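Student: Please read through the structure below; I'll follow up with questions.
The values are calculated or read from the model by the stated rules, or taken from the named source; none is laboratory data. As the structure is a prediction and not an experimental result, all values here were calculated from the model. Note: ideal-geometry Cβ built from the backbone for every residue, glycine included; neighbour counts use all protein chains shown.
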Amino acid sequence: MRSPGSGALAGSGSDEAARDTVVAIEDLSFAYRGHEDRAVLRGINLQVGRGEILGIAGSTGSGKSTLCYALTGIVPHSLGGRLSGRVCVAGVDTATATVAELTRWVSLVMQSPESQIVGLTVREDVEFGLENIALEPAEIMERASWALRTVRLDGFDDRSPWELSGGQKQRLAIASAIAFHPAVLVLDNPTAELDPLGKQEVLETLVALNVELGTTIVIVDQELQEIVAHVSRIALLDEGELVALGSVREILDRADLLHRIGIRLPEVTEVAARLRQVSRWNGPLPIDVSEARPQLLALFSDDGRQPAAQLPAGAPTGRPARPPPVGRPIAGVEPALRVEGLHFTYPGGARVLGGISLVIEPGAFIALMGSNGAGKTTLAKHFNGLLRPTAGAVYVHGVDTRTRTVAQLAPIVGYVFQNPDHQVFSETVARELAFGPQNLGWPAPRIDEAVTRTLADLGLTEQADAQPFFLGLAERKLLALGSTLIMGPDILVLDEPATGADHLVSLRIMRYISELHRRGLTVAIITHDVALAAQYTDRLIVVRDGRIVLDGPPAEVFRHEDELRASFIRPPPTVELARALEGRVSQEITCVDELVAALAAG
């Protein structure tokens, strides 16, 4: 076993942090009750300075969430187990103070926002905690209004939290936490379900809290792309150990380590890291486009007209080539999905969709994108009959969904929810996979063969007899995906397939889906991850205010910057970097694979 904190980097600002430490962790180890032989944290030593913004990254199961719980006293008070070492927050030993007492100094935003919702209305949810610390009514109202405005939920005061989209629920959880004005704010993957500009706004809000109120921020994130511009240091966890600690620049320059432990680099950094492997990049890896641009331009000839590298014919693009223009009927072939004049209003009177018409051809791979609450999920739930049109119609292989039940459509259109806990319910993983085929009346040998094959495909064979709710979020996502795919649908709809999963698990999920797509599966994903959409799909459909505002290949859609901005979408950094190279590379480039292929050639 490595020594605690082995691999930590020097010169990271830790001396300054030590002079005014607000979080001090000394030799922290922890194993959950019933699993005392398997430590989740091992010998963690870490100090966080007052007013610092610290990022924590690591793969699924590395101990990030448990470390967050230790900072707030949830470990060991609420989630028991064997703890050794010491955690102090604002000078208070978390082992001797109760969780309730610790809320005076530290607030936590957990990965699943639904686990934190307590109010009947949005405003009540934010005010609940403030009432419990006995603030004056006027201050409670003022703080709640400020917090809701900060996370773009002003105007939602009287809405039920359960009517909010997944991303809106996450913003509500953040509002409830920041309303305390805590000395230390701990956030466990807080922006996973937000649209790209929503992520930026929340992170900028956290920076403002840090600057204006002196709040110390500890933020856990599966990805580094969003947080590198805002944190001062990054701590890397792997298998419960602190394997590196340093400044953003120091950590990003250790690309091999980040790749090994399953963390995706920011796109610009990833491009340079791959070029360094083929001797096309010298020196430290860049953090952003402005840093990368000069050296990349130097790869080309002085006159700028003859690039030293062009995208070679047949170079990997991350997307298979597609036949005829997307969205147009193929002669003699019934569309996989056809939407005609679709309107939808929820029973409470909220109009969500306002006249959508759409054709999705067999074998397409599309992404539905847009801001939280734009109507993406509501649209997708019409594809398998979970919702029925208020007006208009939806056809699956020419069949009107209003004439079929959800059960009748399930073998044709598989739907994987954003939150796997809305879908997973059986006692074991194997039984979860077998449930659908059993309901379809498959014979036992066929079911056993399908379950065995699906477990192997998803890498869950060793978890066949495990209880699903003891799996990590990423594994539960894989299980929900497998329980849908095992029935062999023609069309697969996935709501945020990679949210909550680390980079390696995301790759497993998307490569598995891509392989099925290559075999003929029609795939529609709902996602805020523009890089994922650019890498894997051949068509982006942008929804805003219940209407389609953009529809086309990724490169074409990314050109409409004003419409994208209005829809709270930002093109991937790779697109920005390709544009910054002043025509030296194809402007059709939309993903890292394509740009690296162009720059590494020659």
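Student: Considering only residues of region 166-190 that are free of Cβ contacts under 8 Å to residues at least 60 places away in the same chain and under 28 Å from residue 20 (Cβ atoms), which is surrounded by the most Cβ atoms within 10 Å (Cβ to Cβ)?
Tutor: Looking at the filtered set, the residue picked out is 179.
Student: Any residue at all in region 410-417 that is touching a Pro at 6+ places or on another chain (Cβ under 9 Å) and either surrounded by fewer than 16 Cβ atoms within 10 Å (Cβ to Cβ) or of a type in the set (S, T, N, Q) (or both)?
Tutor: yes
Student: Here's something else I'd like to know. Just checking, which of 437, 445 is crowded, with 20+ Cβ neighbours inside 10 Å, part of a helix (DSSP H, G or I) and not small (Gly, Ala, Ser)? Quick ask: steps written out before the conclusion?
Tutor: Numbers: 445 fails: crowded, with 20+ Cβ neighbours inside 10 Å.
That would be 437, the only listed residue that is crowded, with 20+ Cβ neighbours inside 10 Å, part of a helix (DSSP H, G or I) and not small (Gly, Ala, Ser).
Student: Going through 476, 431 one at a time, which residue ends up being surrounded by 15 or more Cβ atoms within 10 Å (Cβ to Cβ), outside any loop (DSSP other than H, G, I, E, B) and either touching a strand residue (DSSP E or B) at 6+ places or on another chain (Cβ under 6 Å) or at pLDDT below 90 (or both)? Give the derivation first.
Tutor: On the way: 431 fails: either touching a strand residue (DSSP E or B) at 6+ places or on another chain (Cβ under 6 Å) or at pLDDT below 90 (or both).
Result: 476 is the single residue among 476, 431 that is surrounded by 15 or more Cβ atoms within 10 Å (Cβ to Cβ), outside any loop (DSSP other than H, G, I, E, B) and either touching a strand residue (DSSP E or B) at 6+ places or on another chain (Cβ under 6 Å) or at pLDDT below 90 (or both).
Student: If I filter region 141-149 for residues that are closer than 18 Å to residue 189 by Cα and either in contact (Cβ under 8 Å) with a residue 24 or more places away in the chain or assigned by TED's automatic domain parsing to the domain that holds residue 528 (or both), do I get at least one hit? Step through it out loud before you land on a result.
Tutor: Applying the first criterion (closer than 18 Å to residue 189 by Cα) to region 141-149 yields none.
Scanning region 141-149 turns up no residue that is closer than 18 Å to residue 189 by Cα and either in contact (Cβ under 8 Å) with a residue 24 or more places away in the chain or assigned by TED's automatic domain parsing to the domain that holds residue 528 (or both).
Student: Moving on. Here is a list of conditions, (1) part of a loop (DSSP other than H, G, I, E, B); (2) touching a Leu at 6+ places or on another chain (Cβ under 6 Å); (3) in contact (Cβ under 8 Å) with a residue 24 or more places away in the chain; (4) over 24 Å from residue 501 (Cβ atoms), and residue 281 meets all of them except one; can you say which number that is?
Tutor: Answer for residue 281: the failing condition is (3).
Student: Given the residues 119, 129, which is the only one that is more than 24 Å from the chain's Cα centre (by Cα), of a type outside the set (Asp, Glu), under 30 Å from residue 20 (Cα atoms) and at pLDDT 90 or above?
Tutor: Working: 119 fails: under 30 Å from residue 20 (Cα atoms).
So the residue among 119, 129 that is more than 24 Å from the chain's Cα centre (by Cα), of a type outside the set (Asp, Glu), under 30 Å from residue 20 (Cα atoms) and at pLDDT 90 or above is 129.
Student: Separate question: Tell me which of these residue 233 doesn't satisfy, since it passes every other one: (1) within 22 Å of residue 22 (Cα to Cα); (2) modelled with pLDDT under 95.
Tutor: (2)
Student: Which of the residues belonging to region 24-41 are outside any strand (DSSP E or B) and exposed (fewer than 15 other Cβ atoms within 10 Å of the Cβ)?
Tutor: Looking only at region 24-41, we keep the residues that are outside any strand (DSSP E or B), and these are 33-40.
33, 34, 35, 36, 37, 38 - these are the residues of region 24-41 that are outside any strand (DSSP E or B) and exposed (fewer than 15 other Cβ atoms within 10 Å of the Cβ).
Student: May I pose another question? Do you know which residues across region 102-141 are surrounded by fewer than 14 Cβ atoms within 10 Å (Cβ to Cβ) and either part of a helix (DSSP H, G or I) or touching a strand residue (DSSP E or B) at 6+ places or on another chain (Cβ under 8 Å) (or both)?
Tutor: Looking only at region 102-141, we keep the residues that are surrounded by fewer than 14 Cβ atoms within 10 Å (Cβ to Cβ), and these are 115, 118, 120, 131-134, 136-139.
Within region 102-141, 115, 131, 132, 137, 138, 139 qualify.
Student: Looking at 167, 262, which is the one that is at pLDDT below 90 and part of a helix (DSSP H, G or I)? It would help to see each step written out before you state the result.
Tutor: On the way: 262 fails: part of a helix (DSSP H, G or I).
Answer to the selection: 167.
Student: Within region 479-494, can you find the residues that are part of a loop (DSSP other than H, G, I, E, B) and either touching a residue at least 60 places away in the same chain (Cβ under 8 Å) or surrounded by fewer than 21 Cβ atoms within 10 Å (Cβ to Cβ) (or both)?
Tutor: Of everything in region 479-494, those that are part of a loop (DSSP other than H, G, I, E, B) and either touching a residue at least 60 places away in the same chain (Cβ under 8 Å) or surrounded by fewer than 21 Cβ atoms within 10 Å (Cβ to Cβ) (or both) turn out to be 487, 488, 489, 490.
Student: Which of the residues spanning region 530-565 are without any contact (Cβ under 8 Å) to a residue 12 or more places away in the chain and either in the same structural domain as residue 290 (by TED's automatic domain parsing) or not in a loop (DSSP other than H, G, I, E, B) (or both)?
Tutor: In the first step, residues of region 530-565 are kept if they are without any contact (Cβ under 8 Å) to a residue 12 or more places away in the chain; the result is 556, 559-562.
Hits for region 530-565 are 556, 561, 562.
Student: Looking only at residues that are assigned to a helix (DSSP H, G or I) and touching a strand residue (DSSP E or B) at 6+ places or on another chain (Cβ under 6 Å) in region 183-225, which one is farthest from residue 265 (Cα to Cα)?
Tutor: Pass one, region 183-225, residues assigned to a helix (DSSP H, G or I): 196-213.
The next check asks that each one be touching a strand residue (DSSP E or B) at 6+ places or on another chain (Cβ under 6 Å); those that pass are 206, 210.
On the way: 206: 22, 210: 25 Å.
So, considering only residues that are assigned to a helix (DSSP H, G or I) and touching a strand residue (DSSP E or B) at 6+ places or on another chain (Cβ under 6 Å), the one farthest from residue 265 (Cα to Cα) is 210.
Student: Which residues, counting only those in region 531-566, are of a type in the set (A, V, I, L, M) and more than 24 Å from residue 270 (Cβ to Cβ)? Steps first, please.
Tutor: Taking region 531-566 as the starting set, the residues that turn out to be of a type in the set (A, V, I, L, M) are 531-534, 540-543, 548-550, 555, 557, 564, 566.
Within region 531-566, 541, 542, 543, 548, 549, 550, 566 qualify.
Student: For region 74-83, does any single residue satisfy the condition of being at positive phi and either modelled with pLDDT of 95 or more or part of a loop (DSSP other than H, G, I, E, B) (or both)? Outline the logic, then answer.
Tutor: To start, the set of residues in region 74-83 that are at positive phi comprises 81.
Then keep just the ones that are either modelled with pLDDT of 95 or more or part of a loop (DSSP other than H, G, I, E, B) (or both); that gives none.
Among the residues of region 74-83, not one is at positive phi and either modelled with pLDDT of 95 or more or part of a loop (DSSP other than H, G, I, E, B) (or both), which makes the answer no.
Student: Looking at region 92-111, which of its residues are farther than 25 Å from residue 189 by Cβ and either in contact with a Cys (Cβ under 8 Å, 6 or more places away or on another chain) or of a type outside the set (A, V, I, L, M) (or both)?
Tutor: First, the residues of region 92-111 that are farther than 25 Å from residue 189 by Cβ: 92-93, 95-98, 101.
Passing the criteria: 93, 96, 98, 101.
Student: Another question, then. Return the residues of region 255-291 that are crowded, with 19+ Cβ neighbours inside 10 Å and of a type in the set (Lys, Arg); say none if nothing qualifies.
Tutor: 264, 274, 280
Student: If a residue must be part of a strand (DSSP E or B), within 23 Å of the chain's Cα centre (by Cα) and surrounded by fewer than 22 Cβ atoms within 10 Å (Cβ to Cβ), how many such residues does region 237-254 contain?
Tutor: 1
Student: Oh, and also: Among the numbered criteria (1) farther than 26 Å from residue 444 by Cα; (2) touching a residue at least 40 places away in the same chain (Cβ under 8 Å); (3) crowded, with 21+ Cβ neighbours inside 10 Å, which one does residue 401 miss?
Tutor: The failed condition is (2).
Student: A follow-up question, please. Please indicate, with yes or no, whether at least one residue in region 566-588 is under 23 Å from residue 356 (Cα atoms) and assigned to a helix (DSSP H, G or I).
Tutor: Yes: one or more hits.
Student: What pairs come out if I take residues in region 332-343 that are over 23 Å from residue 521 (Cβ atoms) and pair them with residues that are of a type in the set (S, T, N, Q) and modelled with pLDDT of 95 or more whose C-beta lies under 8 Å away, six or more apart or interchain?
Tutor: 340/357; 341/357; 342/357; 343/390
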